[in-house]
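The values are calculated or read from the model by the stated rules, or taken from the named source; none is laboratory data. This is a predicted model, so every value here is computed, not measured. Note that each Cβ is placed from the backbone with ideal geometry, even for glycine, and that neighbours are counted across all protein chains shown.
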């Protein structure tokens, strides 16, 4: 069934901006708070009030446009988007229509080793609506819904892609790259679990070989990559079934029911003329000076692709570089540790292994790690110079996470210094060799693995503190003379 169709998808991403105050008033944008307390007459749209544009919102929009290779408009304006919904207290949303702040652009993605450029149609500024609090698990299972207007007026960027996506994997890769970019340029906190980034997925199917777009549906307000994947897989199957049976897909807005794993019809899909856009009379148009744009460009941080290329040049694999650059916080942790410990591959192994493993076990982000970059570098330098073994190092980093103490301090307190004294190890090796005659016989018979067992026995005798390289060397010398 699916093999007869081609998927055509596009995404509208709504990203809450990390400003301290709302787009047109001084109310806080802080997440949470008692319902309907982060509000004022301006964001509630009470009679007689006037909006004042937050300059930081404009700068963040410029910054985002530059990071997405967009053209920054010299002349831009706000418009009123008119519609009626309980979470919209003014009965219109202040947004942008025909003259957005950013036009065009693209995002580079890679799926299964194939690179592809996904076009950006536009990036525009707007205010967020409030939030419906449903009595049930979803809107479709609720008897009553309440409205919390705390989020009303929080500044948003809407980033609209071209319909260039041809698979679920491409769509998820595009969204991951886009959110990663927003994280790197620090315009949004990107906390999807708090609704800071939300995805509206447009999906249509057309017969393979056709260049005519099919009828699309839009599923709104997805807030995780996993939900996007599951939603698209269901919606593609649903549309394919409808078309295969000779039916026609209805252009509509749908909602994703995570618990049931299905999309449900929400309302008929609106067109632009349904919103009766007109210029916002209470806000003057904006003239964006080129000098301002260039100042923002000069302050752009190193973006994900550039950082990844730099790590590849250091000798990391594409996989390692991808993991390290997956978040700005992790990439900056790695760079700061590399400044104190100069072996990038060894550092990458520890960061991706023990460090991320401990963070995951404790459920904390990189920014909250009790082990700082210089602390991990100190530990790895102790391993590299032979003060402790790699095995001991793994136990030390666990202790560092628990106690917050430095590596050297823990090693000293617990007497974990690696035994590298030939005389001290020789006696232990003699004891192990004499206790394991079969392993000696196996080694003499050419079974090289036998020495691994003997090394393990020496490490056991020394509680992991023996220098394994030296133990290996001394054991070979001992066995070859027997």
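The table for this structure:
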| read-out | value |
| --- | --- |
| The range 458-481, residues that are in contact with a strand residue (DSSP E or B) (Cβ under 7 Å, 6 or more places away or on another chain) and either surrounded by fewer than 16 Cβ atoms within 10 Å (Cβ to Cβ) or closer than 21 Å to residue 441 by Cβ (or both) | 458 |
| Criterion: at pLDDT 95 or above and either within 30 Å of residue 340 (Cβ to Cβ) or buried (at least 16 other Cβ atoms within 10 Å of the Cβ) (or both) - qualifying residue of 366, 455 | 366 |
| Number of the exception - residue 386 against (1) in the same structural domain as residue 312 (by TED's automatic domain parsing); (2) assigned to a loop (DSSP other than H, G, I, E, B); (3) on the phi < 0 side of the Ramachandran plot | (3) |
| Of all residues making up the range 100-135, the number that are surrounded by fewer than 16 Cβ atoms within 10 Å (Cβ to Cβ), touching a strand residue (DSSP E or B) at 6+ places or on another chain (Cβ under 9 Å) and part of a loop (DSSP other than H, G, I, E, B) | 2 |
| Given (1) part of a strand (DSSP E or B); (2) closer than 15 Å to residue 189 by Cα, index of the condition residue 12 fails | (2) |
| Residue ID - nearest to residue 221 (Cα to Cα), chosen from residues in the range 239-280 that are in contact (Cβ under 8 Å) with a residue 60 or more places away in the chain and in a loop (DSSP other than H, G, I, E, B) | 258 |
| Unique residue being modelled with pLDDT of 95 or more, in contact with a helix residue (DSSP H, G or I) (Cβ under 7 Å, 6 or more places away or on another chain) and within 20 Å of residue 79 (Cβ to Cβ) when the list is 154, 107, 123 | 123 |
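Let's see how each residue does on (1) modelled with pLDDT of 95 or more; (2) buried (at least 21 other Cβ atoms within 10 Å of the Cβ); (3) more than 20 Å from the chain's Cα centre (by Cα):
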residue: 315; (1), (2), (3): yes, no, yes
residue: 321; (1), (2), (3): yes, yes, no
residue: 334; (1), (2), (3): yes, yes, no
residue: 337; (1), (2), (3): yes, yes, yes
residue: 343; (1), (2), (3): yes, no, yes
residue: 347; (1), (2), (3): yes, yes, yes
residue: 356; (1), (2), (3): yes, no, no
residue: 403; (1), (2), (3): no, no, yes
